[in-house]
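Just so it is clear, none of the values below were taken in a lab; they were calculated from the coordinates. What you are looking at is a predicted structure, and each value in this text was computed from that prediction instead of being measured. Using ideal geometry, Cβ is built from the backbone for each residue, glycine included, and neighbour counts are taken over all protein chains shown.
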Amino acid sequence: MSIVESDSAAVTDAPIVPISDTQAAGGYWADLRADTPGLMGAICLGFLLFIAVFAPFLAPHDPAAQNIIARLQPPIWMDGGTWTHLLGTDHLGRDVLSRLLHGSRISLFVGFATVLVAGSFGVLMGLISGYAGGRTDQWITGFIDTQVAFPGLLLALLILAVIGPSMTTVIVVLALNGWMVYARLTRSVVLGLRQTAFVEAAELLGCRTGRILIRHLLPNLAAPLLTLGTLEFARIVLAEAALSFLGLGVQPPATSWGLDVAQGKDYMFRAWWLVTFPGLAIAFTVLAINLIASWLRVTTDPVEREKRFARRFGAAK
Amino acid sequence: MSRFVINRLWQGVIVVLSVVVVVFILTRLIGDPVRVMLPLEATAEQRAAFEAQLGLDRPIFEQFLTYVRDVAVLDFGESLWQRRPVLEIIIERAPATLVLTFAAIALAVTLAVPLGVIAALRPEGIVDRIVVVISLLGLSIPQFWLGLLFIVLFSLTLGWLPTSGAGGLDHLVLPALTLALPAMTRLVMVVRSTMIDELNAQYVKVLRAKGMLPWRVIGVHALRNSAVPILTIAGWELIRIVSGYTVVVETVFAWPGLGLTAIQAIERQDLILLQAIVFVTAIMVVVLNLLLDIVYKAIDPRIEMSAK
């Protein structure tokens, strides 16, 4: 079990190598500013969050308002484009820009909600499995191994077909499919920390199991879980878009970028903007999250930090 | 070795059994197959007749036994949509999915290995930066959208390839490429990082010092030592594609495989066909997992994969 060894090594090394001051709140900020792609990702995500929160005030039109007379109008910079519809209109005369702004809400909300649900359940299972050990651990890991070998996406399709698609079903289905990674990560870290002096001390002082799990073990999981959660967030934004594209996610009249691509697909040759803009919006969002994730991965992992430090040091020499 | 295989087989059996149970619970207990499959205006008599036809009027335990017995002999019943045995439809559609899957994984590996190796030769060099940027983009672009872009570019604008459907090799190119790209981008990153580590190893310095040709050092020695992580990830990508990622691509390109059939079954509310596809996919995933584990073990005897 090399994972466990490296984890425990990293933890016991932590007080010796003075990385603690860079890991304080201000340190993270300074670190983010030094990493251009990560900073760009963070700015883009902040921008998207702003749009999602204030979409009703920013959008020039009601995203569901139809206007058959003004259907399939091109964006402003093309012949026939008008100021009323900056990015044109779709086959029902709905404003593309307004739908785009409103679509950000669905993507980000489904992403956050799924990560939260899957993450809490997975972390709980991982904590129990890693800390309790023995038969409990065997059962939980057996369960995880079995579910990992499931054809996840097809099972999700079956659930959606049986229960009927909606935003809630999408969140539940994606969370059911994704909790195992959190459980595995949590379990491996907990196994590494289980025998360390501070956990033993807490046990000897008579801490209850719940307190040890939450106050002593969980804080050590913050950094790897944050990285994993961000990566999963990107994956789920893509998954929601794909399900909505297939017609199994968010249902009309609600808006979703994946749904808009599916509806625009039939007019792809006459009105390229219907497919292009929502697709770009998805790619932009996922790219921003991925940039943050790769920054987080490097910055919160002592081994990666050391590599980066060595590279800088080597370059300076 | 044989004990290891038996262990893995046993795990596979457990997975298939749990899929059977989960599907049964989903379709019979949580969902109401009659409500899903019959039109809203069906009369009470029609509903009762349909229930009797599916055996839904019998006790739940008896239903489960019949169900398990039928699944064991691959008797999935008759499709509501096509009015013929489900197994027939699956046998008809499965080859298309298999062809697409293997074309995609072959494409992903043949593109990823050279790209990753070239990038690893000069970490943070120009090629490396381009490869990293491309793979980041590849991870962020939704697959269905990429497929549509390909259709617009290669089929409509350039007129090189057909837009959709199945036929000759030219029909396979775009779907396989779309399916391969995300897998390739993840694979490139693995090839790159393992090759960077290998090329920094002591034995590479020794080989270079004694004057071995660079292509031999890289292509034969370093690459062979990175084979296990690369193959592991390639195996994961294969499983990922089989376990459902063909659905989206098949839908975009109207590729007549199991994924498209699953979507058509949902549109026509044919739960019988859909659940059979889920089973067959589960069995394929289990078999592939087993084969991959045996391959790893054969490549690298150090790998200890006892079932805990």
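The stretch between B:VAL228 and B:PHE64 holds 54.8 nm of extra length on full extension. This uses 0.36 nm per residue minus the Cα-Cα distance.
Taking 7 Å steps out from each Cα toward its Cβ at A:LEU58 and B:LYS210 produces label points 6.3 nm apart. Peptide A:279-287 has a mean of 4 when you count, residue by residue, the C-beta atoms of other protein chains within 10 Å of its C-beta. For the range A:153-226, the set of trypsin sites (Lys or Arg not before Pro) satisfying both a DSSP loop assignment and a count of at most 13 other C-beta atoms within 10 Å is given as A:ARG208.
A Förster radius of 41 Å combined with the Cβ-Cβ distance from B:ALA298 to A:GLU306 puts the calculated FRET efficiency at roughly 0.70. The residue among B:ILE25, B:PHE76, B:THR163 whose Cα reaches farthest toward the positive pole of the charge dipole of chain B, with charges on the beta-carbon of Lys, Arg, Asp and Glu, is B:THR163.
If a paramagnetic tag sat 7 Å from the Cα of A:VAL148 along the Cα-Cβ line, which residues of the range B:265-297 would have the backbone N under 19 Å from that point? Residues B:282-297 fall inside that zone.
Taking label positions 7 Å along the Cα-Cβ direction at both A:ALA132 and B:GLU51, the computed distance is 3.9 nm, reported to one decimal.
Taking other C-beta atoms within 10 Å as the exposure proxy, A:ASP95, B:ASP270 rank B:ASP270, A:ASP95 from fewest upward. Summing charges over neighbours of A:ALA281, with a neighbour being any other residue whose Cβ is under 14 Å away from its Cβ, gives 0 when K and R count +1 and D and E count -1.
Computed from label points 7 Å out along Cα-Cβ, the spacing between A:LYS265 and A:ILE69 is 3.3 nm.
Against chain A, whose longest principal axis comes from its Cα atoms, helix A:2-13 is set at around 70 degrees. Put in line by how crowded their Cβ is, counting other Cβ atoms within 10 Å and starting with the fewest, B:TYR67, B:TYR245, A:TYR182 read B:TYR67, B:TYR245, A:TYR182. Helix B:86-121 and the longest principal axis of the Cα set of chain B meet at an angle near 20°. Using equal-weight Cα scatterers in the Debye expression, the normalised intensity of chain A in log10 at q = 0.09, 0.12 Å⁻¹ is -0.59, -0.92. As a proxy for reagent exposure, ranking B:LEU136, B:LEU115 by other Cβ atoms within 10 Å from fewest up yields B:LEU136, B:LEU115. Compare the Cα positions of A:MET167, A:GLY229, A:SER188 along the charge dipole of chain A (+1 at Cβ of Lys, Arg; -1 at Cβ of Asp, Glu; about the Cα centre) and return the one farthest towards the positive end. The Cα lying farthest towards the positive end belongs to A:SER188. Apply 1/(1 + (r/R0)^6) to the Cβ-Cβ distance of A:HIS91 and A:PHE284, taking R0 = 22 Å, and write down the FRET efficiency to the nearest 0.05. Computed FRET efficiency for A:HIS91 and A:PHE284: 0.40.
Summing +1 for each Lys or Arg and -1 for each Asp or Glu among the other residues whose beta-carbon sits under 15 angstrom from that of B:MET184 gives +2. Farthest towards the positive end of the charge dipole of the protein assembly as shown, among the residues A:LEU116, B:ASN200, B:ASN289, is the Cα of B:ASN200, using unit charges on the Cβ of Lys, Arg, Asp and Glu. Rounded to the nearest 20, the size of the Cβ-charge dipole of chain B about its Cα centre is 1440 debye, with Lys and Arg at +1 and Asp and Glu at -1. Treating r as the C-beta distance of A:MET40 and B:LEU98 and R0 as 60 Å, the FRET efficiency rounds to 0.90. In chain A, the calculated helix contribution to ellipticity at 222 nm averages -24000 deg cm²/dmol per residue, counting -39,500 (n - 2.57) for every DSSP H run with n ≥ 4. Using only Cα atoms and rounding to the nearest 10 degrees, what angle (0 to 90) does helix B:258-267 make with the longest principal axis of chain B? Approximately 40 degrees, to the nearest ten.
First check a/c for the protein assembly as shown, with a ≥ b ≥ c the square roots of the eigenvalues of its C-alpha gyration tensor; if it is under 1.5, answer rounded, and if not, answer prolate when a/b is larger than b/c or oblate otherwise. Rounded, since a/c falls under 1.5.
Just to confirm a number: summing +1 for Lys and Arg and -1 for Asp and Glu over residues other than B:PRO39 whose beta-carbon lies under 12 angstrom from that of B:PRO39, what do you get? After counting each charged neighbour, the total is +2. Dipole size of the protein assembly as shown about its Cα centre, with +1 on Lys/Arg Cβ and -1 on Asp/Glu Cβ: approximately 1560 debye, rounded to the nearest 20.
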